[in-house]
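The values are calculated or read from the model by the stated rules, or taken from the named source; none is laboratory data. Just so it is clear, the model here is predicted, and its values are computed rather than measured. All Cβ positions, even for glycine, are placed from backbone atoms using ideal geometry, and neighbour counts span all protein chains on display.
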Amino acid sequence: MPPQNPDGPNADVPNADVGDACAREPIHIPGAIQPHGALLVAGRTTQEITHGAGDVAGLLGVRAWIGRTLGEVLGDGLAQRIARITQSSASGGYAGHVGVGDGVVAPLDISAHVDGDRLIVEIEPGLETPLPATAILGQLEAAGAAFERAASLKALCDRAVVEFRRITGFDRVMIYRFLDDSAGAVLAEDVAEGMPSFLNHHFPGSDIPAQARALYVRNLVRVIPDVAYAPAALEPAWTDAPLDMSDCVLRSVSPVHMQYLRNMGVGASASVSIVMDGVLWGLIACHHREPKRMPYDVRAAARTLAGGFARQVKAKEEADGYRERLRLRGLEDEVTARFARDGGLDANLAEAAPTLRRMLAADGVVAFRAGELHMEGVHPPESQVLDLVRWVEARGAHPVVTDRLPEDYPAARAFQAQASGLLALVVAPDEPFVILWFRAEEVQVVEWAGNPHKAVALGPDEALTPRASFEAWRETVEGRSRPWSLAEVDAAARLRDTLLEARSHRRLQELNIRLSDAVREKDGLLQQKELLIKEVNHRIQNSLQLVSSFLGLQARSLADPSIHAAFDEARRRLQAVALVHRRLYRADQIETIELGRYLEELVADMNASLGREWEGLVTVEASPLLVPTDRAVTLGLVVTELVINANKYAYGGAPGPVQVTLEAQRTNLRVVVADQGQGKQAPGEGFGSRMMTAMVRQLQGELVFADNRPGLRAILTCPVAAPIQPAT
């Protein structure tokens, strides 16, 4: 595990402060390496060595190497391979194996990568006898087949730790998954006899700061062969800006982390990242009691196996989500069928309550309509339910979703045993008609590897030190229930539409029976209202289209290309807003919009406006997802801006592929706009960038830019349903 918040007597500094201190540590520029290997820094074009670290002379059998070329030190053949690799790959790679001879006393593995105008060459001991490719492929094939046979995520993790321990030979191998609050839990473990177990233990988020998680995405395998090593500094002394060693396998690690591992009783450590769609899902954490190396061949096999494991995890999570949606659809149909019986909603609401409860796997359900309560299962007392209904009504039209109701609604502490989880929605505020699903409290006993809340006393000149105890520390968590899934929240929103339709149908039947004339008048008013709303949307769309046309005419009359481009960008932004109104004009539901179809139409319009040479190059891969209409407008503007940026900068103005991806992540959504162009590390300072920053802030989201290798990945993460924040 990575660095953890310290412990100490007379503790008075909170964990959060210690975590901030860990997060500020510059772990990517240590200026030193682990001494089991050696590192050479050379000019990218001249290949002349300027600096080194580690026992270069002992490993290569050369005494003088500063000022010499890589060809003179490593041999011309290897130097040429290094040049080819670093020229053809942005990230570099494996250069070759050096056998014993010509001063080399043990087999070596050589790898290289580029950092600006520098070549960084890493030399580390290899296997005495390289593993045959057939043997490696056979092990990977057998492990992959075992992964495919696993019936569940738990079974998959249990199988994976066995396979990774067999390949790596470490004493302890764990599957460590990151949770929503950045903490992590050990889902599976295979451990040698005599080693302590961390199975099902939790580790606080401060153990792996954000900058460490970013490096785990960048470097998929990290090895510390000996936690007691003394760092080998760069020689001669480095005088320029610190050397970025983010991509170095031999990079020296934080002394805090080293002490952390020693406190765990570990002699060697390795970690293999589990990355899905660019997001760090978890780690395969390996520990050994004694120092242990992990040569390149073994690292490559572990990296490949981790990729196969990640794909199986994604497949099983998607299959679970699909089965859950099928189950919910079936129960939705059952509820709808009940409300379609004689008497409609009024006569069948009480009878349908058990099905409503079962639909969302709730412990209790309450339907409040026109002053009447229909209750089923476990629920709070009636007086407190009425207070809760008023609280839900005050929250507005968006569903209320929480698995820790006492934290959001303090009065719920009085009945948290019956209702610590709540999913509530206002079906019709005019009646009012409110449905509340409850989940009972599930007291959780969370087992931590050491006390996660213990603080540490740090003086102004004292160094940060990690905690010394990893003894199991149990914490009882009260006032929480099983969480609600995104599929369940979507099902509740669809049910609201069904109930509204049932209510409307029943009202129409009553009006037809009592006063046919009143029915015609009512229907006329309803149709007029719907037509008015559609006409408003239609006119807004037409007005925006007219403005867009005026901008196009004005642009064609201007000779300045930069002004012409600015007008085109403004037109695309208008089209993003106009498209929402066009969809609302065609749809019956105006509160929400299906974001995947909206993005597909938005990109289709942009493909047409970018010119024939861009035809079919901007593509969309989107999961179906309902979002509030106002959020769809803001998301469309952000996506438009990101595609405009790719159009302008990714390929130097030339056409090239741009992929727009939409996917749901629990209660969040994630939009990725990726190109394969020149890459860009940060947004600009122009109007578009400022507008995009404001839009992301309104969404309460986060926009990050990552290397797409090649190109740029813009990743927007934000809640699926949250009030739009006012622009500042």
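Selection over region 135-158 of residues that are under 19 Å from Met174 (Cα atoms) and among the charged types (D, E, K, R) gives a count of 2. Within region 46-55, one or more residues are over 30 Å from Arg213 (Cα atoms), buried (at least 18 other Cβ atoms within 10 Å of the Cβ) and in the same structural domain as Leu234 (by TED's automatic domain parsing). The one condition from (1) buried (at least 21 other Cβ atoms within 10 Å of the Cβ); (2) modelled with pLDDT of 75 or more; (3) not in a strand (DSSP E or B) that Leu579 does not meet is (2).
For (1) buried (at least 19 other Cβ atoms within 10 Å of the Cβ); (2) at pLDDT below 65; (3) farther than 16 Å from Leu422 by Cβ; (4) touching a Lys or Arg at 6+ places or on another chain (Cβ under 6 Å), each residue gets a yes or a no:
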site	(1), (2), (3), (4)
Ser469	no, yes, yes, no
Ala472	no, yes, yes, no
Ala487	yes, no, yes, yes
Arg494	no, no, yes, no
Ala502	yes, no, yes, no
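A count restricted to region 348-376 and to residues that are closer than 21 Å to Asp333 by Cα and surrounded by fewer than 18 Cβ atoms within 10 Å (Cβ to Cβ) stands at 7.
Among residues of region 96-129 being of a type in the set (A, V, I, L, M, F, W, C) and at pLDDT below 85, the one that is surrounded by the most Cβ atoms within 10 Å (Cβ to Cβ) is Val98.
Taking Thr661, is it within 28 Å of Val400 (Cα to Cα), surrounded by 15 or more Cβ atoms within 10 Å (Cβ to Cβ) and out of contact with any Lys or Arg (no Cβ under 6 Å at 6 or more places or on another chain)? Answer is yes for this residue.
Taken over region 377-408, the criterion of being more than 24 Å from Asp430 (Cα to Cα) and either over 37 Å from the mean Cα position of the chain (by Cα) or surrounded by 15 or more Cβ atoms within 10 Å (Cβ to Cβ) (or both) is satisfied by Gly377, Val378, His379, Pro380, Pro381, Thr402, Asp403, Arg404, Leu405, Pro406. Can you name the residue in region 692-707 that is at negative phi and polar (S, T, N, Q) and is also surrounded by the most Cβ atoms within 10 Å (Cβ to Cβ) among such residues? Once the filter is applied, the top-ranked residue is Gln698. Does Ala706 satisfy the condition of being under 15 Å from the mean Cα position of the chain (by Cα) and of a type in the set (Gly, Ala, Ser)? Criteria met by Ala706.
The residue of region 135-176 that is surrounded by the most Cβ atoms within 10 Å (Cβ to Cβ), among those that are at pLDDT 90 or above and not in a helix (DSSP H, G or I), is Met174.
Every listed requirement among (1) closer than 20 Å to Pro236 by Cα; (2) in contact (Cβ under 8 Å) with a residue 40 or more places away in the chain; (3) among the aliphatic types (A, V, I, L, M); (4) not in a strand (DSSP E or B) is met by Leu131 save one, (1).
Listed here are the residues, each with its yes/no results for (1) out of contact with any helix residue (DSSP H, G or I) (no Cβ under 8 Å at 6 or more places or on another chain); (2) surrounded by 17 or more Cβ atoms within 10 Å (Cβ to Cβ).
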| residue | (1), (2) |
| --- | --- |
| Ala604 | yes, no |
| Asn607 | no, yes |
| Glu615 | no, no |
| Ser623 | no, no |
| Leu626 | no, yes |
| Leu635 | no, yes |
| Val638 | no, yes |
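Within the span defined as region 54-68, one or more residues are more than 20 Å from Asp247 (Cβ to Cβ) and in contact with a Lys or Arg (Cβ under 9 Å, 6 or more places away or on another chain). Is it true that Gly596 is in contact with a Phe, Trp or Tyr (Cβ under 8 Å, 6 or more places away or on another chain), assigned to a helix (DSSP H, G or I), touching a residue at least 60 places away in the same chain (Cβ under 8 Å) and not charged (D, E, K, R)? Spelling it out, it is not the case that Gly596 is in contact with a Phe, Trp or Tyr (Cβ under 8 Å, 6 or more places away or on another chain), assigned to a helix (DSSP H, G or I), touching a residue at least 60 places away in the same chain (Cβ under 8 Å) and not charged (D, E, K, R).
Being on the phi < 0 side of the Ramachandran plot, modelled with pLDDT of 85 or more and assigned to a helix (DSSP H, G or I), is that true of even one residue in region 189-209? For region 189-209, residues on the phi < 0 side of the Ramachandran plot, modelled with pLDDT of 85 or more and assigned to a helix (DSSP H, G or I): absent. For the structure I just gave you, tell me whether Met276 is in contact with a helix residue (DSSP H, G or I) (Cβ under 9 Å, 6 or more places away or on another chain) and of a type in the set (A, V, I, L, M, F, W, C). Yes. Restricted to region 293-411, the set of helices (runs of 4 or more DSSP H) holding at least 2 residues that are at pLDDT 90 or above and within 30 Å of Arg165 (Cβ to Cβ) comprises 296-339. Take the residues in region 215-273 that are among the hydroxyl-bearing types (Ser, Thr, Tyr) and part of a loop (DSSP other than H, G, I, E, B), then tell me which one is farthest from His113 (Cα to Cα). Per the criteria, the residue is Tyr229.
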